[in-house]
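> Structure below; questions to follow.
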Amino acid sequence: MSAPVILPPARLGILGGGQLGRMFVQAARTMGYTVTVLDPDPDAPAAEFANLHLCAAFDDAEALRQLADSCAAITTEFENVNAESMRWLAQHTVVSPRGECVAVAQDRIREKTFFQQHGLPVAPFLPVTQADDLDRDLSDYLPGILKTARLGYDGKGQQRVRTAEEARAAWQPLGVPCVLEKMLPLQLEISAIVTRAADGQMAVFPIAENQHHQGILDVTLVPARVSTDLAQAAQQAACRVAEALDYVGVLAVEFFVLEDGQLRVNEMAPRPHNSGHYTLDATVSSQFQQQVRAMCGLPPAATDLLRPVAMLNLLGDVWPGAGTDACREPDWQPLQAEAQGFLHLYGKREARIGRKMAHYNLLAEQATTAAAQVAILRDGLLQAAGRTRSA
C-alpha cells in the first residue's frame, strides 16, 4: 500500500501537546511543515512551537472537525488518546498510526494476547477481569506483578504480589481489568524503536539499554550491552510487531533480557518513546523526524549511531523548591559545560517531584563512560536542590 506524499509547507496535526508533542513539532517545523496541536492544557509544552493550538478535549467534535479539515495528516504523542477520535479522523484525512493499533497498545490484555498470537515470547500472564479469575491455582504466575490493563505508565497501576492471597487483596480495591504477570529473573531491559512506512519499508534504531528508578526510566545507554545476535533478534521482533499491526509511524517495543539470555517482549508504545530521546543527538535521524516522515509518506531515514551515548531523564526532583511557590530553575552550568552534552528542556511551567521535565544526552567513547558521568551530574543537581537519591 502506498500513501500520498505530503511535502512542506503542508499542515500536520498531533493529538497531545506534552514533551513528545513538543519535540515532534520542533522536528516538523524545522522540516518546513506547519503544525496544529490539539491538547486541553492551555500550557501544553508543544503549543510554544506550534502554529496553532486547539485547546480542547481529545473527543471535542468541533476541534476534531477543525483538525480534520485543515491537516494533511495527523498523528498522536501518547497511547491513551481516544482511539475512537483517531478512527473518526481517519475517515477524513491521513492518520498514523491507525486507531486500531493504538487500541491494542492501550490495553495490556489485548497487547499481550496479540504478542502471543503472533509467536512473540512473553512472560506468563493471566487476564483478570473479575474476582473469580483469581480463584484458581496461580503458581504459574507467582511471584508476579498485578498491572492494570489500561492507563498505567511509569510504574503506575502496578503492584508486586508474592502469594495468591496478596494477588486477590491487591485486585479487590482496583476492581478493574488487570493482568497478573509472572516476575522473571531479569538481566536487563532493552527497547527497539522501529519506523514503518505505508509501503512496508522499515528502519530500526540501535538497541537501547534502559535503567529504571522507582518505575521511571532513569538512564538509557546506547549501544546496549548485549550480543549482536540478541540485538538483531530484538530489532527483528520489533519489525514483526509493526508488520503484524500493519503499522505506519514510529513504534517502540520494550523487552526483558533474562539471566539466561532469553528475550521476552514486555510492551509497546505506538509513538516515539522516552528511551529514544538519545536519537536527537546521537543518530543520523531522530525518532521525531522519522515520525514526520512516516505520516507524510516519505521513506524512513538512516538510523546509524554516530557515537555512543547515555540519556538521562531529568525529573522535577532536581528543581530546588519543586512543588512549591519557591521553585526555581536548576543551575545548568555543569551540564552545559560538557562539550558533548546536550540539554533538552520541555518547557513545563510547574516542576513537581517525579515529573519528567527534561533530558540530557551525553556522547562519549563508551556508553558506560557517559552513563557514569550523567549519574555524577544528576547527583550534583539533586544535592544543589537539597535532595538525595532515594532508594
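> At what distance in nm do the modelled label points of residue 329 and residue 349 sit from each other, each positioned 7 Å from its Cα along Cα→Cβ?
1.7
> For residue 43, put the label point 7 Å out on the Cα→Cβ axis and report which residues of the range 313-340 keep their amide N under 16 Å from it.
Of the residues in the range 313-340, 316-317, 319-330 have backbone N under 16 Å from the label point off residue 43.
> In whole angstrom, and with the biggest value first, how far do the Cα coordinates of the range 119-180 range along each principal axis?
Principal axes ranked by extent give 28, 26, 19 Å for the Cα atoms.
> Shifting gears a bit: Sequence-distant or interchain residues sharing an amide H contact under 5 Å with residue 122, placed H: which?
Under 5 Å from the amide H of residue 122: 265.
> Separate question: Give the residue list of trypsin sites (Lys or Arg not before Pro) in the range 153-198 that are DSSP loop and have at most 14 other beta-carbon atoms within 10 angstrom.
Passing sites in the range 153-198 are 156, 162.
> Within the range 295-391, report the GluC sites (Glu not before Pro) that DSSP leaves as loop and that have at most 10 other Cβ atoms within 10 Å. Mind showing how you got there, number by number?
On the way: sites: 338, 350, 365; in loops: 338, 350, 365.
Taking the range 295-391 and a limit of 10 other Cβ atoms within 10 Å, the loop GluC sites (Glu not before Pro) found are 365.
> Continuing with the same structure: Rounded to the nearest 0.05, what FRET efficiency do residue 187 and residue 10 have when you use their Cβ-Cβ distance and R0 = 51 Å? Walk me through the numbers before you get to the answer.
On the way: r = 45 Å, r/R0 = 0.89.
The formula returns an efficiency of 0.65 here.
> Counting only protein heavy atoms and a 1.4 Å probe, tell me what percentage of the chain's accessible area is made up of carbon and sulfur. Numbers along the way, then the final one.
Details: 8110 of 16520 Å².
Exposed carbon and sulfur together represent 49 percent of the surface.
> Measure out, as a whole number of angstrom, how far apart the alpha-carbon centroids of the range 110-143 and the range 294-346 sit.
37
> Sequence neighbours fewer than 8 away in the same chain don't count; with that in mind, list the aspartates and glutamates whose C-alpha is under 12 Å from residue 356.
154, 218, 317
> Looking at the range 126-204, which chymotrypsin sites (Phe, Trp or Tyr not before Pro) are DSSP coil and have at most 15 other C-beta atoms within 10 Å of their C-beta? Don't skip to the end; give the middle numbers.
Numbers: sites: 141, 153, 171; in loops: 153.
Sites meeting the loop and neighbour criteria: 153.
> Okay, moving on. Defining a contact as two alpha carbons under 8 Å apart and six or more residues distant in sequence, what relative contact order in percent does the range 3-111 show?
Details: 198 pairs, mean separation 27.1, N = 109.
Relative contact order comes out at 25 percent.
> For the range 297-374, calculate the relative contact order in percent as a whole number, restricting contacts to Cα pairs under 8 Å that are 6 or more residues apart.
Working: 122 pairs, mean separation 32.5, N = 78.
Once divided by the residue count of the range 297-374, the mean separation gives 42 percent.
> Of 302, 127, 257, which is farthest along the charge dipole of the chain in the positive direction, counting Lys and Arg as +1 and Asp and Glu as -1 at C-beta?
302
> Another question, if that's okay. List every residue whose amide H lies under 5 Å from the amide H of residue 213, counting only residues 5 or more places away in sequence or on a different chain, with H placed 1.01 Å from N in the peptide plane.
Under 5 Å from the amide H of residue 213: 218.
> Accessible surface of residue 369 in the full protein assembly, 1.4 angstrom probe, to the nearest 10 Å²?
Number for this one is 80 Å².
> Give me the 1.4 Å probe accessible area per residue for the chain, excluding ligands and nucleic acids, in Å². Kindly include the intermediate steps, with their values, before the conclusion.
Working: 16520 Å² over 391 residues.
Per-residue accessible area for the chain comes out at 42 Å².
The values are calculated or read from the model by the stated rules, or taken from the named source; none is laboratory data. Computed from a predicted structure; not experimentally measured. Note that we place each Cβ from the backbone using ideal geometry, even for glycine, and neighbour counts take in every protein chain shown. Accessible surface areas use protein heavy atoms only, side chains included; no ligands, DNA or RNA. Shrake-Rupley method; radii C 1.70, N 1.55, O 1.52, S 1.80 Å.
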